[in-house]
Every structure is written in C-alpha cells, then in structure tokens.
Amino acid sequence: MKQLITLLSLGFLMIGCKNEKKQTSEELTSSQVGVVSENRKTPSDSTFINIDPVSHATAVITWGNIVFYTDPTGGAEAFNGKSKPEFILISDIHSDHLDLETLKELTLGDTKIIVPQAVKELLPKEMSTQLIVLNNGETTDLMGFKIEAIPMYNLPESPDAFHTKGRGNGYLIEKDGKRLYLAGDTEDIPEMRNLKNIDVALIPMNLPYTMTVEQAADAVLAFKPKLVYPYHFRGTDGFADVEKFKELVNKGNKDIEVKLLNWYPKKE
C-alpha cells in the first residue's frame with residue numbers, strides 16, 4: 001500500500017512537471033510569435049508606415065527606415081525625442097503649415113524640403129539649396145520615394161478663398177507599392193475623389209477652412225483608402241466631430257479603417 005501511494009505521488013508529480021513544462025513552452029511560443037509580429041512592423045520593413053501626430057497638421061512619419069516631417073510647427077521642443085527627418089513636406093503658406101522659426105530651430109542642415117512655389121517665395125534665399133519645388137501635378141523622386149503634388153483648394157473656386165487652386169500642395173507619396181496621401185487644406189475636390197489604391201490617407205475637416213465632417217466622409221467613401229486618419233480638425237468653433245466622421249465612413253464602407261489619434265495635446 002505504501003508503495004502504491006509513493007507511485008501515485010510520483011505520477012502526480014510527473015504530470016505536474018509535464019504541465020508546467022507545457023505551459024512554459026506555450027509561453028515561449030507566444031513570446032516568439034510576438035517577436036515575429038513585431039519584426040514584421042519594424043522600420044526595416046519598407047511597407048511599414050507609422051503616423052506620429054505632433055499637432056494639427058504636423059506629424060512625424062516613419063516609413064521603413066526613413067523619417068519625414070509634414071508641416072513642422074511648434075518649435076524644436078515639439079520634436080523632442082523624435083528622430084531627425086530625412087526630408088520635410090510643406091503644404092501651404094499659412095502659419096499652421098509654414099513656420100520659419102521652427103525650421104530654423106530644428107537645425108536641419110542640408111535636409112531637403114519639398115514645397116510649392118508660393119512657400120519658396122516666403123523662405124530666405126539661404127535655404128534655396130535645400131528646396132525642391134513641386135507645383136500641382138509635378139513629381140520628384142527622393143530616397144526611393146515618388147512624391148507627387150496633388151491640388152488642394154476650396155470649393156467653389158474663387159480668388160478670395162482661403163485656399164486657391166494651384167497655391168498649395170497635397171502630397172501623394174509612393175514606395176514599394178504602398179501609397180500615402182496627405183490631403184492638406186482642401187475640400188471634397190475631384191482630384192481627391194479620383195485617387196486610386198490609397199493605403200493610408202490623412203484628411204482634414206474644419207470650418208471654414210476646409211470641409212465638413214460629412215463632406216470629408218463622402219470624399220473618403222469615393223476614393224476608398226484602406227486606412228484613414230482625420231487630422232487638421234480644429235476650426236473657428238472648436239474641434240470637428242471626428243467620432244461622427246468615423247461612424248459615417250464605417251456605415252458607408254465597413255472595410256475602410258478609421259483611426260483617431262491625439263492631434264491636440266492638452267498643453268495647447
């Protein structure tokens with residue numbers, strides 16, 4: 001009897017050890033899966049695009065191992081802890097897009113800055129060697145990216161509009177089959193609706209400068225990006241209802257993913 005009890009005890013002990021070993025193995029497998037998953041999204045993957053909002057229309061975008069800024073504003077302190085940019089995109093002449101003091105504080109050296117002609121005319125001559133001027137419809141190749149200037153403007157078109165056609169740029173950026181669209185200050189224009197195969201889009205919605213939430217949702221439903229971020233949504237009457245934007249887009253097309261990011265830190 002004593003031997004039987006001893007054997008049973010050893011059996012339970014072995015089962016316990018086996019279960020413990022199995023759990024450890026499963027945890028290791030889970031950890032390894034996590035690592036593999038993360039590796040698919042590391043900057044070494046040229047299809048990886050990360051949007052890091054700074055404020056309003058200002059963002060740090062990491063695409064593969066390249067970092068670029070859009071409409072940098074807020075001074076150097078707004079970019080504390082951020083990676084230095086390989087290039088910069090500036091969309092328009094207004095101060096929420098073009099901030100010369102921020103450009104100076106960032107000590108960019110010979111970093112290339114892509115701008116429309118109207119922005120170039122407002123920058124000091126000593127920066128001219130850094131500038132790549134793109135007008136609507138023009139393209140440039142930079143660091144493996146194809147960058148096209150897309151029109152951005154108000155409707156109906158008029159000489160006294162906040163954004164007149166031809167002055168500013170949205171940008172279509174493409175690399176390795178991935179396409180990112182930065183709409184800039186625009187309304188629901190045909191050039192936006194006619195875009196194809198957009199993977200990621202940043203879309204504005206603020207009155208009276210760009211468009212309503214409903215117009216923005218209609219535009220997105222027309223050109224069907226896979227992933228869309230509302231940005232530039234602070235207007236004269238406060239913030240646009242981005243939750244409603246998301247609801248309208250998902251009601252019209254559940255396959256379009258809408259992500260809401262914090263574009264307006266509390267310090268503002």
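All of the numbers you see were taken from the coordinates with simple rules; none came from a lab. Please read these numbers as outputs of a predicted model, since none were measured by experiment. In this analysis, Cβ positions are derived from the backbone assuming ideal geometry, glycine residues included, and neighbour counts consider all displayed protein chains.
Please state, as a whole number in µm²/s, the translational diffusion coefficient that the Stokes-Einstein equation yields for the range 137-268 at 25 °C and 0.890 mPa s, with Rh defined as the Kirkwood radius across alpha carbon pairs. Translational D for this selection: 162 µm²/s. Computed across the range 146-217, the Kirkwood radius stands at 12.5 Å (inverse of mean 1/r, all Cα pairs).
Do any of Lys82/Lys175; Lys120/Lys175; Lys112/Lys178; Lys224/Lys246 go past 19 Å between their Cα atoms, and which? Beyond 19 Å between Cα atoms: Lys82/Lys175; Lys120/Lys175; Lys112/Lys178.
Bridging of Lys266 to aspartates and glutamates at a Cα separation below 18 Å is possible for Asp52, Glu77, Asp96, Asp237, Asp241, once same-chain residues fewer than 8 apart are set aside. Straight-distance candidates among the aspartates and glutamates for linking to Lys244, with alpha-carbon spacing under 19 Å and chain neighbours fewer than 8 residues away dropped: Glu187, Asp188, Glu214, Asp218, Asp255, Glu257.
Every Cα-Cα pair in the range 49-258 was counted, and those over 20 Å apart are 55% of them. The ranking of Arg234, Arg193 from fewest to most other beta carbons within 10 Å of each one's beta carbon is Arg193, Arg234.
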